[in-house]
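Reviewing the structure listed below.
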């Protein structure tokens, strides 16, 4: 019995040794992994450095652009609100000109002249701060700069042409501050054309 136990124990030891030898990495396996040469390590470090420098440069450019935008458009809301002052001056001029009672007043022209001086000064201040009026003369409707308030059928002008400026629009540098409110020409509808032909 004792001999059989010893033989069994020996078999267990042998099988454990074979398993351990299978699990253990061979000495030659470490030698198979090629070690990087000094040139390869140097090239790898150089690539990492170049990537880091490129990232720093990109961040610097983004930062500069943010500063420029903040400087240029930081006063955007203030400029937009200031346009109402100019609008009100122009409305006041028109209202005074069309008032029947004020028309008889001798000093009306002097009063209107003073309003015009204030209006010109305000426009001059706007222009110094790169706020410019959008010109609509002989222009086609462009949704980037214009807002159509109405369409009028017109045979004399091509469809999409601006017929009337309802409210002035302005740019702040290259940025739209306020679109121009306009009336746009459109083609006469086929029904209107048929009615016209019948009448003729």
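Please treat every number below as a calculation from the coordinates, not as lab data. Just so you know, these numbers come straight off a predicted model, no measurement behind them. Note: ideal-geometry Cβ built from the backbone for every residue, glycine included; neighbour counts use all protein chains shown.
If R₀ is 25 angstrom, what is the calculated FRET efficiency for the pair residue 84 and residue 110, using the beta carbon separation as r and rounding to 0.05?
Details: r = 26 Å, r/R0 = 1.02.
Computed FRET efficiency for residue 84 and residue 110 comes out at 0.45.
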Checklist entry - Taking the DSSP beta bridges in the range 132-188 as the whole, what percent of them are antiparallel, to the nearest 5? => result 60
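Say R0 is 22 Å: what FRET efficiency, to the nearest 0.05, do residue 137 and residue 97 get from their beta-carbon distance?
Values: r = 23 Å, r/R0 = 1.03.
Calculated value: 0.45.
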Checklist outcome for this item: Each label sits 7 Å from Cα toward the beta-carbon; between residue 151 and residue 52 the label points are separated, in nm, by 6.2
Checklist entry - Say each of residue 38 and residue 69 gets a label point 7 Å from the Cα, pointing the same way as Cα to Cβ; how far apart are those two points in nm? => result 4.9
Checklist outcome for this item: Expressed in angstrom and rounded, the centroid-to-centroid distance over alpha carbons for the range 65-115 and the range 128-170 is 20
Checklist entry - Under a point spin-label approximation (7 Å from Cα along Cα-to-Cβ), what is the residue 128-residue 59 distance to one decimal in nm? => result 4.0
